[in-house]
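Student: Here you go, one structure.
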Amino acid sequence: MRPLRSMLFVPADSDRKLDKAHGSRADALILDLEDAVAPSRKAVARTAAAAYLQAHATSSGPLMYVRINPLDSGLALLDLAEVVVGGLAGIMLPKTSSAADVLRLGHCLDALEARAGIAAGHVRVVPVATETAAAMLSMGSFIGGTPRLAGITWGAEDLSTAIGAISNRDADGKLSPLYELAASMCLCAAAAASVPAIDTLYANFRDSEGLATSCAQSRRRGFRGRIAIHPDQVDTINEAFTPNEQELEHARRVVAAFANQPDAGTVGIDGLMYDIPHLKQARQTLGLAD
Ligand code: COA
Ligand code: MG
């Protein structure tokens with residue numbers, strides 16, 4: 001599966017942004033039909049997204065995802081009926097309540113893929129898994145994974161609205177505990193489903209230093225990629241989620257140390273103890289670089 005380090009949101013009703021996104025180095029684009037599109041522009045966005053997918057179906061550029069409207073919005077089927085065409089790599093599902101929603105979406109995709117002549121199961125799904133209170137209480141439903149799941153992401157904006165909070169940040173500017181929990185639950189759910197966790201957006205798109213610092217923290221915590229909302233964020237995100245030479249060198253040393261002592265469960269390197277979880281971590285790091 002191709003990596004999802006950076007997923008760039010592009011409001012699908014904006015021809016300018018669609019044009020600009022084409023040359024992006026993002027691993028994936030997310031053509032948005034949901035919150036970045038005004039209700040009066042939904043139909044325009046849908047048609048533009050479908051045309052864009054078809055026009056770039058054979059290009060070697062970013063994978064193309066579409067964020068449809070929520071399953072219970074009355075718009076999701078209209079969205080799907082238009083955008084399941086050649087070129088579509090996946091659907092981002094906002095306001096997912098639980099893994100059952102991903103299964104339900106999968107049934108729709110079964111039929112629409114057949115109609116479009118797309119290989120069965122080709123279209124993947126990335127749910128936004130923390131946008132409602134019920135969703136937060138259903139994260140365990142992702143244990144073991146579901147067909148089509150390509151990653152799990154989370155969001156702090158809709159959840160605070162759902163809770164009736166004034167803000168998702170405390171007075172000191174830090175994320176409130178509920179949203180820290182949402183990020184952590186996203187990490188656990190993704191790991192339990194054996195898919196990558198994709199971190200939520202960094203809103204201040206002019207602050208590339210802040211983004212780099214935040215991405216470094218996010219990767220340390222276990223996220224494998226991040227949402228971008230502006231083209232200028234893509235390179236910073238790609239770099240942050242690609243292991244650097246120093247990390248690779250260290251990982252190679254850990255793997256080599258265990259290879260040299262096949263019967264050892266624990267080894268010492270530069271005066272520090274390493275055991276089997278460190279070996280697995282090192283292999284993961286090397287795997288990310290492939
Ligand atoms: N995708 C593609 N192109 C984008 C883009 C995006 N997400 N965001 C900006 N651009 C383009 C602009 O159109 C502009 O190109 P142009 O001069 O040819 O028109 C260029 O990049 C520079 O844009 P800039 O002036 O720096 O930003 P802006 O004020 O035009 O836009 C936002 C700021 C936040 C409105 C815009 O980045 C955006 O729409 N982001 C996506 C929001 C979204 O989808 N949210 C939903 C998920 S939460
Ligand atoms: Mg939203």
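The values are calculated or read from the model by the stated rules, or taken from the named source; none is laboratory data. Just so you know, these numbers come straight off a predicted model, no measurement behind them. Don't worry about glycine lacking a Cβ; one is built from the backbone with ideal geometry, like all the others, and counts go over all protein chains shown. Each accessible area value is taken on the protein alone, full model and side chains, heavy atoms only, with ligands, DNA and RNA left out. Shrake-Rupley method; radii C 1.70, N 1.55, O 1.52, S 1.80 Å.
Student: Please calculate the 1.4 Å probe accessible area of Phe9, with all protein chains present, and give it to the nearest 10 Å².
Tutor: It works out to around 30 Å².
Student: Comparing Asp170, Asp110, Asp101, which has the greatest mean-square fluctuation in the GNM of the chain with Cα pairs linked when under 10 Å apart?
Tutor: In the Gaussian network model the winner is Asp170.
Student: Let me ask another. State the answer as a single residue: which of Leu71, Phe9, Ala51 lies farthest towards the positive end of the charge dipole of the stretch 1-111, with beta carbon charges of +1 for Lys and Arg and -1 for Asp and Glu, about the Cα centre.
Tutor: Towards the positive end, the residue furthest out is Phe9.
Student: Rounded to the nearest 500, what is the chain's calculated 222 nm mean residue ellipticity when only DSSP H runs of at least 4 contribute -39500 (n - 2.57) each, over all residues?
Tutor: Only helices count here, giving -13500 deg cm²/dmol.
Student: Sequence-distant or interchain residues sharing an amide H contact under 5 Å with Asp199, placed H: which?
Tutor: Arg224, Gly225, Arg226, Ile227
Student: Write down the Å³ per residue value for the convex hull defined by the alpha carbon atoms of the chain.
Tutor: 155
Student: If you don't mind, there's one more thing I want to ask. Could you point to the residue in Phe258, Ser184, Leu201 farthest towards the positive end of the chain's charge dipole, with +1 and -1 charges on the Cβ of Lys/Arg and Asp/Glu respectively?
Tutor: Among Phe258, Ser184, Leu201, the one farthest towards the positive end of the dipole of the chain is Phe258.
Student: When you take every Cα atom in the stretch 245-289, what is the radius of gyration, and what is Dmax, the widest Cα pair distance, in Å?
Tutor: 9.8, 28
Student: Another one. Show me the ranking of peptides 199-208, 270-279 by mean Cβ neighbours inside 10 Å, starting with the highest.
Tutor: Ranked by mean Cβ neighbours within 10 Å, highest first: 199-208, 270-279.
Student: Counting Lys and Arg as +1 and Asp and Glu as -1, each charge on the Cβ, what is the dipole of the stretch 1-140 about the Cα centre in debye, to the nearest 20?
Tutor: 320
Student: Separate question: Quote the charge dipole size of the stretch 245-289 about the Cα centre in Debye, to the nearest 20; the model charges only the Cβ of Lys and Arg (+1) and of Asp and Glu (-1).
Tutor: The dipole of the stretch 245-289 has a size of about 140 debye.
Student: Here is a further query. Whole Å is fine, so just give me how far the alpha carbon centre of the stretch 196-273 lies from that of the stretch 92-144.
Tutor: 28
Student: Which of Gly106, Gly87, Gly117 moves most in a GNM of the chain, Cα contacts under 10 Å?
Tutor: Looking only at Gly106, Gly87, Gly117, the largest GNM fluctuation is found for Gly117.
Student: May I pose another question? Give the accessible surface of the chain per residue, rounded to a whole number of Å², with probe radius 1.4 Å and ligands, DNA and RNA excluded.
Tutor: So the chain comes to 49 Å² accessible per residue, rounded to a whole number.
Student: Tell me the carbon and sulfur percent of the accessible area for the chain, rounded to whole percent, probe radius 1.4 Å.
Tutor: The computed percentage sits at 54.
Student: Sticking with this one: What list of ³J(HN,Hα) couplings, whole Hz, do you get for the stretch 228-235 from phi and the Karplus terms 6.51, -1.76, 1.60, once you set θ to phi - 60° and write x for glycine and proline?
Tutor: Once θ is set to phi - 60°, the couplings for the stretch 228-235 become 10, 10, 9, x, 5, 7, 5, 5 Hz.
Student: Same structure, new question: Report, in debye and to the nearest 20, how large the dipole of the chain comes out about its Cα centre when Lys and Arg carry +1 and Asp and Glu carry -1 on their Cβ.
Tutor: Roughly 400 debye for the chain.
Student: Going by a ≥ b ≥ c, the root eigenvalues of the Cα gyration tensor, does the stretch 42-89 fall in the rounded group (a/c under 1.5), the prolate group (a/b larger than b/c) or the oblate group?
Tutor: prolate
Student: Under a GNM of the chain (C-alpha, springs under 10 Å), which listed residue has the highest mean-square fluctuation: Ala135, Ala165, Ala193?
Tutor: Ala165
Student: A further question on this structure: As an exercise, find the ratio Rg/Rh for the stretch 83-139 from alpha-carbon atoms, using the Kirkwood inverse-distance average for Rh.
Tutor: Ratio of gyration radius to Kirkwood radius for the stretch 83-139: 1.04.
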